[in-house]
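Derivation of every value follows stated rules applied to the coordinates shown; laboratory data play no part. Computed from a predicted model, the values in this text were never measured in an experiment. Here the Cβ positions follow ideal geometry from the backbone for every residue, glycine too, while neighbour counts run over all protein chains shown.
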Amino acid sequence: MSASKGRSKLDPGSDAPREIELKLELASGTAEDLLAHPLLDKARPLPKQSGQLHAVYFDTDDHALHGEGISLRIRRRNGKAIQTIKAEGPHKGIAMDRSEWETPVDGDLDLTAAAGTPLEKLIADEALQARIKPAFTVETVRKAFEAKFDDAVIEVALDRAKASGGGKAITFSEVELELRQGRAGVLFALARSLSEVAPLRLSTVAKSERGYRLLDEDSLSPARAEKVKLSKDATCAEAFQIIARSCLAQMVQNETLVRLTQAPDALHQMRVGLRRLRAAMSLFRPQLLTDSESDKIRDDLRWAGQALGAARDLDVFIERLRSMDDQPNPSQMEEIERRRAEAYRDLLESLESRRFMDVILETAAWIEAGTWTTPGKGRKSACRRPAREFAEAELSRRFKRIRKLAKHLRDVGDEERHELRIRIKKLRYGTEFFASLFTSGKAQKRRNALSSLLEELQENLGDLNDLAVGGSLAMYLPEISPKRLERQREKLLDRSEAALSALSKADPFWE
């Protein structure tokens, strides 16, 4: 059996030791600035955790362990070897919450130490076990400290590392904040403090993940929204934190891909993560987020959304043009592509800016330990309110408002129809956020029907808004007669009215 390190436990009912860790990317050449921070200047050095670290990660050729959220490595330092098995927790948030088992070894794998770990089930397949072999290496130069911050004990590691595999290599610098004692939210408060002296970017990429990306470029695919899992007895505060973590994690994971690849799908999913987060804040605002700090975060995220807007709009516009039978001439397409390249340069400049990094870091800290989480006037009872009860009331209120506005779809202006689309989008996200609270067969059937209608309406109303707004790029569209535009508009209105009629008869899944 493995000899495990002691760890703080998020789940008191679990026997598995936990590793609760926050990763931050550090710009090259700024480590000395970080070391000059008063907290690190006074922190206790940890020579036994510092120095040259050589790690070999193991997996099968088809990455069976990685596919199950398990990493297996042997790390050597000063002639000693430690085997580590890690397994992802149930929620993939910003802070890495993983089970971890460590065993001293003589240099070779000791798979008997997998007993009682998630790896045990996998290696019960002897054929799979025989295929486990070295996959990639990570060389690290580490400076480690023990810091005390806000009644917590945190291990701070400054790493300069190089991952090598598949004939390729990548170097990177990062800061790891690992909770030894105290609340997980303190990790984010410490990160904010450290960011005052050096630019730090929130990261969800483990060292092992960097190695796998070298072996398989397809692993750089965009991160889509994961299903939110709420316990039946979750409070409002617990529900919002789980939802907000999921949304921000989606945004941060895709930000990494945008900077690496400039892929349109990565930017789209990054924007989806941001919009989901803003929708969650809107849903919970009357109940929980009534303080000035929450207002500031809301404004900051609006600015971040605007920074993503121009490049994404051009991606959508180009996709629309390429789907047309009658496309613009080559010189027009060349101009549009030039403008897209310019928009992506501006986007990358924004993502590399200190302001953008700070917004993301401050948002993460706010989700974990913002003012809204502390007892205040009327806040204590709001935080403790059952999430299911809140979801029933909030979804009902929004559903009722949408059905009322929908009765006058043709009588209102373009701006009011756009507002209706935003309301529909927020309700759609809400049905996804709270789905795990209503799991009966009837509720699932009703939710699927409702989600389908909301998605159809969001798309139709979005197309109507595109026709109404036009935009600065309209000159590049093939000329379309006014009669044809009006026919398109009427067709979209007819579709929207039909979907809204069906929506008015739909049964809420939360009742």
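Taking 1.567 mPa s as the viscosity and 4 °C as the temperature, the Stokes-Einstein diffusion coefficient of segment 65-131 based on its alpha-carbon Kirkwood radius rounds to 101 µm²/s. The length gained on full extension between GLU319 and GLU342, counted as 0.36 nm times the residue separation minus their Cα-Cα distance, comes to 6.6 nm. Look at where the Cα atoms of segment 29-103 and of segment 361-380 average out, and the two centres are 30 Å apart. When shorter helices are ignored and each DSSP H run of at least 4 residues is given -39500 (n - 2.57), the per-residue value for the chain at 222 nm works out to -16500 deg cm²/dmol. In order along segment 99-109, phi translates into HN-Hα couplings of 6, 9, 10, 10, 9, x, 10, 8, x, 10, 4 Hz, rounded to whole numbers, per the Karplus curve 6.51 cos²θ - 1.76 cosθ + 1.60 with θ = phi - 60° and x for Gly and Pro. Within the same chain, lysines fewer than 8 places from LYS404 are excluded, and of the rest, those with a Cα less than 23 Å from its Cα are LYS425, LYS426, LYS491, LYS505. A simple spin-label model places the labels of GLU511 and ASP41 6.4 nm from each other, with each point 7 Å out along Cα-to-Cβ. Whole-Hz Karplus values for segment 42-55 come out as 9, 5, 7, x, 10, x, 5, 9, 9, x, 7, 10, 10, 10 Hz, taken residue by residue from phi with 6.51 cos²θ - 1.76 cosθ + 1.60 and θ = phi - 60°; glycine and proline positions read x.
Determine the relative contact order of the chain: mean sequence separation of Cα pairs under 8 Å and six or more apart, normalised by residue count, in whole percent. 14 percent.
Its Cα centre serving as origin, segment 1-220 has a Cβ charge dipole (Lys and Arg +1, Asp and Glu -1) of approximately 660 debye.
Listed values for segment 170-185 are Karplus-derived 3J(HN,Hα) couplings in whole Hz (6.51 cos²θ - 1.76 cosθ + 1.60, θ = phi - 60°), namely 9, 9, 7, 10, 8, 10, 10, 10, 10, 6, 9, 7, x, 8, 4, x, and x replaces Gly and Pro. Can you list the residues of segment 213-239 with backbone N under 20 Å from a point 7 Å past the Cα of LYS380, pointing along Cα to Cβ? Taking a point 7 Å out along Cα→Cβ of LYS380, the residues of segment 213-239 whose backbone N falls under 20 Å are 235-239.
The distance between label points at ALA127 and ASP110 comes to 3.0 nm (points 7 Å beyond Cα on the Cα→Cβ vector).
Report, to the nearest 10°, how far helix 482-505 tilts away from the longest principal axis of the Cα atoms in the chain, using its own Cα long axis and a range of 0 to 90°. In the chain, helix 482-505 runs at an angle near 70 degrees to the longest axis.
Averaging the Cα positions of each part gives two centres, and for segment 269-300 and segment 428-465 these lie 20 Å apart.
Our analysis of segment 235-385 gives Rg over Rh at 1.09, with the two radii drawn from alpha carbon positions and Rh computed by the Kirkwood formula.
Per residue, the convex hull spanned by the alpha carbons of segment 325-464 comes to 207 Å³. Projecting the Cα atoms of LEU35, PRO375, LEU214 onto the dipole axis of the chain, where Lys and Arg carry +1 and Asp and Glu carry -1 at the beta carbon, places PRO375 farthest toward the positive end. Within straight-line reach of LYS143, meaning a Cα separation under 26 Å, sit the following lysines at least 8 residues removed in sequence or on another chain: LYS5, LYS9, LYS23, LYS42, LYS48, LYS80, LYS86, LYS162, LYS168, LYS207. Projection of the Cα convex hull of segment 1-220, averaged over all directions and equal to a quarter of that hull's surface, yields 12.0 nm².
How big is the gap, in Å, between the Cα center of segment 331-358 and the Cα center of segment 165-190? Segment 331-358 and segment 165-190 have Cα centres separated by 29 Å. Residues whose amide H falls under 5 Å from that of GLU19, counting only those 5 or more places apart or on a different chain, are ARG98, SER99, GLU100, with hydrogens built in the peptide plane. Ranked for footprinting exposure by Cβ neighbours inside 10 Å, fewest first, CYS236, CYS247, CYS383 give CYS383, CYS236, CYS247. Each Cα pair of the chain feeds into the Kirkwood radius, which the Stokes-Einstein equation turns, at 4 °C and 1.567 mPa s, into a diffusion coefficient of 51 µm²/s. In this structure, the amide hydrogen of ASP59, modeled 1.01 Å from its nitrogen in the peptide plane, lies closer than 5 angstrom to those of LYS133, ALA135, counting only residues at least 5 positions away or on a different chain.
Which log10 I(q)/I(0) values, to two decimals, does segment 386-511 give at q = 0.13, 0.14 Å⁻¹ under the Debye formula with one point per Cα? Log10 of I(q)/I(0), two decimals: -0.57, -0.64.
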